[in-house]
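One structure is given here, and the rest of the page talks about it.
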Amino acid sequence: IRATGRPRLVGRHAGDGGVHPMRIGVLAVQGAFAEHMAILDAIGVEGVAVRLPSDLEDVSGLILPGGESTAQRRLIDRWGLREPILGLARSGAPLFGTCAGMILLAREISDGDATTFQLLDVAVRRNAFGRQLDSFETNLQVPVLGDQPVHAVFIRAPVIERTGPAVDVLARLDDGRVVAVRERNVVATAFHPELAGETRFHRLVATMAAEHDDPGEGSGRRPHPTRRAGLAR
Ligand code: GLN
């Protein structure tokens, strides 16, 4: 299954023998979730606004949007979302955090703020660009997404100050600071790709979700049956 073009990404197999479109949740307790829903719609994935644990039941992945990470953390706990989100991550479903969402995923927050999910072995510093440069936009090379640069919007953005051995760096600023990473099923960016209409991160997450739903596809966890049989596809 490829997340290319406009046709709907086919997701899990429904009980009636058919298939329904893939669903990806967007945490909708606070912050900029609407833009992520719009990008998912543009790539043919059904976005599910996640406010209650039951909203997570039928999703194949979850996006954690930008906003204010401290407010998001409190609301996650008030609404009982912490354990179900950890469960989704442990199942191997992809999680994608942008900006505040990345802070929620981090193992460590340099300025001592409380952590939330600790699913990503990085240390982040909040509001790393200071008052002089609250917001800025720049073009970034993100080799896993192809040659065309990503137009990245930074808004009171964090930066990644340490990456663990299992973390892949996906993008750096010109000065070398790390602003996008992946560790297994967890992807995070310090910036907002969704605000510039960038769809490739969401396509990557949708592809990871499809592989999670059907591990035979792509580079999943078990060999595809035809490959196991030594047959070319
Ligand atoms: N400054 C915010 C925080 O520390 C993040 C900003 C954003 O998500 N755009 O939580």
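The values are calculated or read from the model by the stated rules, or taken from the named source; none is laboratory data. If you're wondering where the values come from, they're calculated on a predicted model, not measured in any experiment. Glycine also receives a Cβ, built like all others from the backbone with ideal geometry; neighbour counts cover every protein chain displayed. Note: areas computed on protein heavy atoms with side chains; ligands, DNA, RNA excluded. Shrake-Rupley method; radii C 1.70, N 1.55, O 1.52, S 1.80 Å.
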Whole-number D in µm²/s for region 104-176 (Stokes-Einstein; Kirkwood sum over Cα pairs; 4 °C, 1.567 mPa s):
97 µm²/s
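How many Å² of accessible area per residue for region 72-136, probe 1.4 Å? Numbers along the way, then the final one.
Working: 2820 Å² over 65 residues.
Result: 43 Å² of accessible area for each residue.
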Quick one: 3J(HN,Hα) in Hz for region 98-109, Karplus 6.51/-1.76/1.60 with θ = phi - 60°, rounded, Gly and Pro as x.
10, 6, 4, x, 5, 4, 5, 7, 5, 6, 9, 10
Taking the highest mean first, how do the peptides 68-75, 170-177, 85-92, 99-106 order by number of other beta carbon atoms within 10 angstrom per residue?
99-106, 68-75, 85-92, 170-177
